[in-house]
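Presented below is the structure to which this report refers.
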Amino acid sequence: MTMEFECPTCHGVLQVDDEMAGRVIRCGGCLSTLRVPAVAAETWIPAIPAEDSPPRPRAQRPEWTAAESPSTAREKPPERPPPEIPTRRRAEDATDFDEPFPRDDRFRRWRNEPPTTATNGRGIFFWLVVLGFILSILVIGCCGGILFLLPEADWQWHESRVGGFKVKLPGPPQANVEDAVGLRLDKGTYAEGTVYLKRAETFMVIYRDIPSTNERRQRNKTDEDELAETIDRLLKATADGKQPRRKPITVNGFPGYDLSYQGRSGWYTARVVVADTRRYIVLAVGPRPNSSHAREFINSFAITDPQLVAEGQRRQNQAPPDTDDNNPNR
């Protein structure tokens, strides 16, 4: 036997077997769950025909299932084919493994790789190189322009009354000229000179008062010992104690040496003279060895102190004739 009842949600008529009474089913129209009543509100009971009358045929009704009803059948939308679930790679996109994989956008999306974009122009490294080249050209041009505007050497005599000497300089004397080559002078030691910027050359005369020759003799110390000690101090301060060649000379009757060596600030051309009570270091520092400016500066050095000039003249008169033509100041 079957029974019919109404869905409380969509009010559709459902028809189920009597055995489903009390069970939970799903409505075919609204798909809501509901419980089948124990006694249906509208239960159809077939009529029992009388014995004297033939049975009346029952009108044929369409058999609706629990999932469908006349009301839900009219409202049911047409069935649509299930959507196609995309796969990572379709069969037509598959390639033979004997050939290389195509590097297209589909393959990149499958590998979760961002698509590469073509870069137009140059990279950042290229522009950094170009910028560095332009800056170097500007720096070289500025330095060249500054050097071109610097004045040429104006050689002039400089006479020191305190130091008792005279010498030619390529420009006016400057204070603290020893700082240009990183020299530190002891107390009682002085320096006079100038810096020629156009060639990066430094010219100076360093002098200091010392005991006289007679006082040194009492201590068993000769002029030659004083010269050697002065040269050693100079080399330690400028060339880490290197021993260059030494050429003996005589300046205004006093002994000395000419030196030329490469030191911390470039090439050094020096003349060291011990003039009785005063010690002189005539020093030229520049980028080139024995430059014309350095030789002109050193060869122009002369002692002007009256007492020292008289002592040098006395020594020249007592000394035997000197045949060395290399000293213009003997």
Order of 27, 10 from fewest to most other C-beta atoms within 10 Å?
10, 27
For a quick check: with amide H placed at 1.01 Å from N, whose amide H comes under 5 Å from residue 275's, ignoring anything fewer than 5 positions away on the same chain?
280
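Go ahead and run the numbers for FRET between residue 228 and residue 154, Cβ-Cβ distance against an R0 of 41 Å, rounding to 0.05.
0.65
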Quick one: what are the phi-derived ³J(HN,Hα) couplings along region 174-187, Karplus 6.51/-1.76/1.60 with θ = phi - 60°, whole Hz, x for glycine and proline?
10, 7, 6, 5, 5, 5, 5, 10, x, 8, 10, 8, 6, 5
What order do you get for 254, 126 when you list them from fewest to most C-beta neighbours inside 10 Å?
126, 254
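Under the 0.36 nm per residue contour assumption, what length would be gained going from the current alpha-carbon distance of residue 317 and residue 299 to full extension? Provide the component values of the computation, followed by the final result.
Numbers: separation 18, 0.36 × 18 = 6.48 nm, distance 2.26 nm.
That pair, residue 317 and residue 299, stretches by 4.2 nm at full extension.
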Sorted by mean Cβ packing within 10 Å, highest first, what order do the peptides 197-208, 168-179, 268-279 take?
268-279, 197-208, 168-179
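So if each residue of separation counts as 0.36 nm, and I subtract the Cα-Cα distance between residue 9 and residue 220, what length gain in nm does that give?
Details: separation 211, 0.36 × 211 = 75.96 nm, distance 13.43 nm.
Result for the pair: 62.5 nm of gain on full extension.
For a footprinting-style exposure proxy, rank 215, 226 by other Cβ within 10 Å, fewest first.
Numbers: 215 12, 226 18.
Final ranking by Cβ density, sparse to dense: 215, 226.
Only the coordinates and a few stated rules stand behind these numbers; no lab work does. In this text the structure is predicted, and so the values were computed from the model without any measurement. Positions of Cβ are backbone-derived with ideal geometry, glycine not excepted, and every protein chain shown enters the neighbour counts.
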